[in-house]
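Heads up: the structure comes next, in structure tokens.
The values are calculated or read from the model by the stated rules, or taken from the named source; none is laboratory data. Keep in mind it's a predicted model, so treat the numbers as computed, not measured. Here Cβ is always computed from backbone atoms with ideal geometry, including for glycine, and neighbour counts include all displayed protein chains.
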Amino acid sequence: MLFTDTTVVQPDLVFVSRERRTIVEKSRIAGAPDLAAEILSPSTATRDRSLKLQTYERHGVAHYWLLDPEPGELEEYVLGDGKFRLVSKLTGPASFQPKAFPGLTLDHGQVWAAE
């Protein structure tokens, strides 16, 4: 994603709504997506929880998810008044109703279920 000429990030997962699809260009997303998600690993966790969170917040990403495979945890942040607020933190079997997708319910336990 390109926020400025010097601020470029690459989330693990990104979602841009149909209404905002004009920010999707041939080789990049020029602006803030509706959702950015990062899958944490030992080498990226600190950066994802600090630098990337602050960058997404500063540039107006509406929803930010952190998925940590080790404990099977999902953290959902929602932007409000220019700041991210943790609205959900799930571990283990639970229903997840993401704020980014009203009306959708996911089985959080199935996110981490092995095939």
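Residue-wise test of (1) touching a residue at least 40 places away in the same chain (Cβ under 8 Å); (2) acidic (Asp, Glu); (3) at negative phi.
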{"position": "ARG21", "(1), (2), (3)": "no, no, yes"}
{"position": "ILE29", "(1), (2), (3)": "no, no, yes"}
{"position": "ALA32", "(1), (2), (3)": "no, no, yes"}
{"position": "GLU38", "(1), (2), (3)": "no, yes, yes"}
{"position": "GLU57", "(1), (2), (3)": "no, yes, yes"}
{"position": "GLU76", "(1), (2), (3)": "no, yes, yes"}
{"position": "GLY92", "(1), (2), (3)": "no, no, no"}
{"position": "THR105", "(1), (2), (3)": "no, no, yes"}
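State whether the residues of segment 62-76 include one that is assigned to a loop (DSSP other than H, G, I, E, B), of a type in the set (D, E, K, R), exposed (fewer than 14 other Cβ atoms within 10 Å of the Cβ) and at pLDDT below 90.
Taking segment 62-76 first, the residues assigned to a loop (DSSP other than H, G, I, E, B) are 62, 69-72.
Restricting the remaining residues to those that are of a type in the set (D, E, K, R) gives 70.
Now drop any that are not exposed (fewer than 14 other Cβ atoms within 10 Å of the Cβ), which leaves 70.
Restricting the remaining residues to those that are at pLDDT below 90 gives 70.
The answer is yes; a qualifying residue exists.
Could you list, in sequence order, the residues of segment 88-104 that are in a loop (DSSP other than H, G, I, E, B), among the aliphatic types (A, V, I, L, M) and in contact with an Asp or Glu (Cβ under 9 Å, 6 or more places away or on another chain)?
ALA94, ALA100
Yes/no per residue for (1) farther than 26 Å from THR55 by Cβ; (2) over 13 Å from the mean Cα position of the chain (by Cα); (3) of a type in the set (A, V, I, L, M, F, W, C):
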{"position": "LEU74", "(1), (2), (3)": "no, no, yes"}
{"position": "LYS83", "(1), (2), (3)": "no, yes, no"}
{"position": "SER95", "(1), (2), (3)": "yes, yes, no"}
{"position": "ASP107", "(1), (2), (3)": "yes, yes, no"}
